[in-house]
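The structure appears right after this line, and notes come after that.
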Amino acid sequence: MNFSGKYQLQTQENFEAFMKVAGVPDDIIQKGKDIKGVSEIVQNGKHFKLTITAGTKVLVNEFTLGEECELETLNGEKVKTVVQLEGGNKLVTTLKGIKSVTELNGDTITNTMTLGDIVFKRISKRI
């Protein structure tokens, strides 16, 4: 399954609670809570480039499935991790105790991040 495309955020659950626990400052949480960000994924075989644009913030991460990489987190920290493909349609990784699962179903991407007992869910549609 090819993840390539642009996706616009439609809904999100537990944004504020998750960001607080993840250590994101309150002013950034308030600025970001209502932004309908756009994610662009370019997949070339096992290599991925992910560009997330939310307001004026642009986050770019690149990785190759199964290989160690350095990804930038939500609060700007760079963390080494490995991204795996599960079931042909799920990208799975763990960043500083946060488990991230990005699942593609047709034109919908669901990203679920879990930290402790807080689950942050974002649903985006292909545009």
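The values are calculated or read from the model by the stated rules, or taken from the named source; none is laboratory data. Everything quoted here is computed from the prediction, not taken from an experiment. Glycine gets a Cβ as well: all are built from the backbone with ideal geometry, and neighbour counts include every protein chain shown. What goes into the accessible areas is simple: the full protein's heavy atoms, side chains included, and nothing from ligands, DNA or RNA. Shrake-Rupley method; radii C 1.70, N 1.55, O 1.52, S 1.80 Å.
With a ≥ b ≥ c the root eigenvalues of the C-alpha gyration tensor of segment 38-127, is it rounded (a/c under 1.5), prolate (a/b larger than b/c) or oblate?
Rounded is the answer for segment 38-127, as its axis ratio a/c remains below 1.5.
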Per-residue ellipticity at 222 nm attributable to helices in the chain (runs of n ≥ 4 DSSP H, -39500 (n - 2.57) apiece, nearest 500 deg cm²/dmol) works out to -3000 deg cm²/dmol
Counted charge near Ile52, where neighbours are those whose Cβ lies closer than 14 Å (Asp, Glu -1; Lys, Arg +1): +2
Name the GluC sites (Glu not before Pro) in segment 65-110 that are in a loop by DSSP and that have at most 14 other C-beta atoms within 10 Å, would you? Glu67, Glu77
Counting only protein heavy atoms, what percent of the accessible surface of segment 28-127 is carbon or sulfur at a 1.4 Å probe? 51
Taking a threshold of 21 Å on the Cα-Cα distance, which of the pairs Lys6/Lys57; Lys20/Lys46; Lys31/Lys90 fall above it? Lys20/Lys46; Lys31/Lys90
Taking the Cα centroid of segment 68-105 and of segment 37-62, what is the distance between the two, rounded to the nearest whole Å? 13
